[in-house]
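The values are calculated or read from the model by the stated rules, or taken from the named source; none is laboratory data. Since we're looking at a predicted model, the values are computed, not measured. When we count neighbours, we look across all protein chains shown, and the Cβ atoms used for this are built from the backbone with ideal geometry, even at glycine.
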Amino acid sequence: MSEEIVILGKKYSSKDRVRADRTDKLYEDIPEGETLLKIEDLNVTYRTDNSTTVAVDNISFDIKKGELLSIVGPSGCGKSTILRCIGGLLQPTSGKITIGDKECTTAGSDRGMVFQDFALFPWRSVRRNIEFGLEIAGVPKEERRERSTRYLKAMGLEEYADHRIHELSGGMKQRVGIARAMIMHPAVILMDEPFGALDAQTRNILQHSLVEVLKNSHRTIIFVTHSVDEAIYLSDRILVLSKRPATIHNILEVPGERPRERAAPEYAELRRKILDYLESQNTIF
Amino acid sequence: MALKYDEHNKYHRLARTGVITVISLIVLLWVWWLVSTIIQKTMDFNTSPLATPGEAFVALFDFFNNGDPIEHRSMWSWIWSSLSKFIKGFLLALVLALPVGLLMGYFKILREFFTPWVEVLRPIAPIAWAPIFVIIFQATNGSIMVVFVGIFFPLLTNIVFGVQKIDTKLLDAAKTLGASRMQIFVKVVVPSTVPYLMNGVKVGLGVGWMCIVAAELYNTTLSGIGYFVKFMIDNASYDYAFAGIIIIAVLGLLTTGVAEYASKCISRRMGLDA
């Protein structure tokens, strides 16, 4: 059924053995640390019957290959909107999003996504959720099995392979969500407040797991969060947005190798700086 | 007292429900007996049209052993005749409502176009079609068509509703995993509609069972449990008519029970009960 897979608008037959996990090969010529994803003059304007609201106001930024970029900003500023545009789930009003030299207009498996409320398929087992993308791409069953086993192991889900989604805890569910996105080897993984629905302890454990996974396999990640601590713990760079309509306030480098010490004094100043700005942007008071 | 009802004990709850149900049914039989006896004593009938429970169960026993009192056709052949029409009508409704409902749910333009049709046709009592269907399709197929109409609309509306209620996050997830519109339809839309489909089946089976009996009462199929009741009443064998009514009740209960059970199993299998 799925004899063809589309990568960045190009069609490949599965006979060419161009598989979803080889998408990253298309960007192999881009060296680590160079610009992979470019967002230029992104504007999102919502129209209702009698008003227009500018949600995102001409934002431009780059994502480097292999980095983890966090986006923080006051509540409702349009963080998720930006992410949905990059994922191809929302058509921007104007602006351009390019990976390498290819423009992204629709959703595709080269931009994986992890959702706040997991968005797992409840009628599939854990393993079959993780294999969904491979199944879509027409990867044969034995190969799917072999690869999903690798990701089940990496995420500590081995013994839950045949469980149904509703039998899992929130933390376990998001492990499945992350594995499902990673198995496709997308050029960039978009995480939309992935740990936002979890309790504080589970969140810490998952943040740590993510750091561990990234140690073994380099990925490019855009991570939307409302937690400054989470952003500092995980990111190479933090993009700070203003209140709606979202504009870029600042892009900050976070020094130090991961894993980092939580609440380390060296980050206190950075933390204060971001928090003060967010507070100044708070529209509730 | 050693026996004390414990709300948190599964067997206690089960026993409670069982005991109350049995008492309830006994009281129902008693009310039936009371009403039928009063009518027999006070009204001037040769044979009362309202048989007592005793007469009805004696007739039912005889029907079971010796078939109907006039043609001696076996009870099972009468029942099977209704059941086979019922099943055919149900399958026809399922085969048509499934694709039509899925497409109407998925494509807005189809939904907008066909919704007025559904809204005009749906409120018509299925049995109102019986006279026309019997002329067009003959007695047996006419009854099947009445069942079809009765089951089709609950199925259709539930499926359309189910497709629209789909969690858009699941569609987003499928898109970012590279699924085409067709793949999303097959691998996400169809499975997530299953619980709604099963709900439609539950409602539809109840309506359908009423339809088959009503259609048989109306027309001249000369077969089926509905016709049996009419046949016995025309013959003034009211006790046998009530035996037929008991069979209708039990079979209706069984049909909805089976649908309920199947729906539960499927929902659990699909991980959608939680």
For this session: Test each condition in (1) modelled with pLDDT of 90 or more; (2) more than 14 Å from every other protein chain (Cβ to nearest Cβ); (3) more than 23 Å from A:Lys65 (Cα to Cα) for A:Ala231 and report the one that comes out false.
Result: (3)
Problem set entry | Cross-chain or 6+ apart pairs with Cβ under 9 Å, the stretch A:72-89 first and of a type outside the set (A, V, I, L, M, F, W, C), then part of a helix (DSSP H, G or I) and surrounded by 22 or more Cβ atoms within 10 Å (Cβ to Cβ) | A:Gly73/A:Lys79; A:Gly87/B:Lys175; A:Gly87/B:Thr176; A:Gly88/B:Lys175; A:Gly88/B:Thr176
Exercise. Hey, does the stretch B:77-91 have a residue that's farther than 26 Å from B:Val258 by Cα, part of a helix (DSSP H, G or I) and either modelled with pLDDT of 90 or more or not assigned by TED's automatic domain parsing to the domain that holds B:Ser223 (or both)?
Worked result: no
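So that you can scan it fast, the table gives a plain yes or no per residue for (1) surrounded by 13 or more Cβ atoms within 10 Å (Cβ to Cβ); (2) touching a residue at least 24 places away in the same chain (Cβ under 8 Å); (3) more than 17 Å from B:Tyr227 (Cβ to Cβ); (4) touching a His at 6+ places or on another chain (Cβ under 7 Å):
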{"site": "B:Ala15", "(1), (2), (3), (4)": "yes, no, yes, no"}
{"site": "B:Ser24", "(1), (2), (3), (4)": "no, no, yes, no"}
{"site": "B:Pro69", "(1), (2), (3), (4)": "yes, yes, no, no"}
{"site": "B:Leu92", "(1), (2), (3), (4)": "yes, yes, yes, no"}
Problem set entry | Members of the stretch B:183-217 found to be of a type in the set (Phe, Trp, Tyr) and within 14 Å of chain A (Cβ to nearest Cβ), listed by number | B:Phe185, B:Tyr196
Seminar exercise, completed: Among B:Thr193, B:Thr168, B:Thr176, B:Thr220, the single one that is modelled with pLDDT under 90 and among the β-branched types (Val, Ile, Thr) is B:Thr220
Seminar exercise, completed: Across (1) within 32 Å of the chain's Cα centre (by Cα); (2) surrounded by 15 or more Cβ atoms within 10 Å (Cβ to Cβ); (3) outside any loop (DSSP other than H, G, I, E, B), B:Ala51 clears everything bar (3)
Problem set entry | Positions within the stretch A:126-147 being within 13 Å of chain B (Cβ to nearest Cβ) and of a type outside the set (Lys, Arg), in sequence order | A:Val126, A:Asn129, A:Ile130, A:Glu131, A:Phe132, A:Gly133, A:Leu134, A:Glu135, A:Ile136, A:Ala137, A:Gly138, A:Val139
Problem set entry | helices (runs of 4 or more DSSP H) wholly inside the stretch B:161-259 that include at least 3 residues being free of Cβ contacts under 8 Å to residues at least 40 places away in the same chain and under 30 Å from B:Trp78 (Cβ atoms) | B:225-234
For this session: Please verify whether the stretch A:29-52 includes one or more residues that are at pLDDT below 90, crowded, with 22+ Cβ neighbours inside 10 Å, outside any loop (DSSP other than H, G, I, E, B) and not small (Gly, Ala, Ser).
Result: no
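Right, B:Val149: buried (at least 21 other Cβ atoms within 10 Å of the Cβ) and either in contact with a Pro (Cβ under 7 Å, 6 or more places away or on another chain) or outside any helix (DSSP H, G or I) (or both) or not?
Yes.
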Exercise. What's the number of the condition A:Asp62 fails, among (1) in contact with a helix residue (DSSP H, G or I) (Cβ under 9 Å, 6 or more places away or on another chain); (2) of a type in the set (D, E, K, R); (3) modelled with pLDDT of 90 or more?
Worked result: (1)
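Using the structure shown, decide if A:Ser242 is more than 22 Å from A:Pro194 (Cβ to Cβ), touching a residue at least 60 places away in the same chain (Cβ under 8 Å) and small (Gly, Ala, Ser).
Yes: the conditions hold for A:Ser242.
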For this session: Would you please name the residue that is farthest from the chain's Cα centre (by Cα), looking only at residues in the stretch A:88-117 that are more than 8 Å from every other protein chain (Cβ to nearest Cβ) and on the phi > 0 side of the Ramachandran plot?
Result: A:Gly95
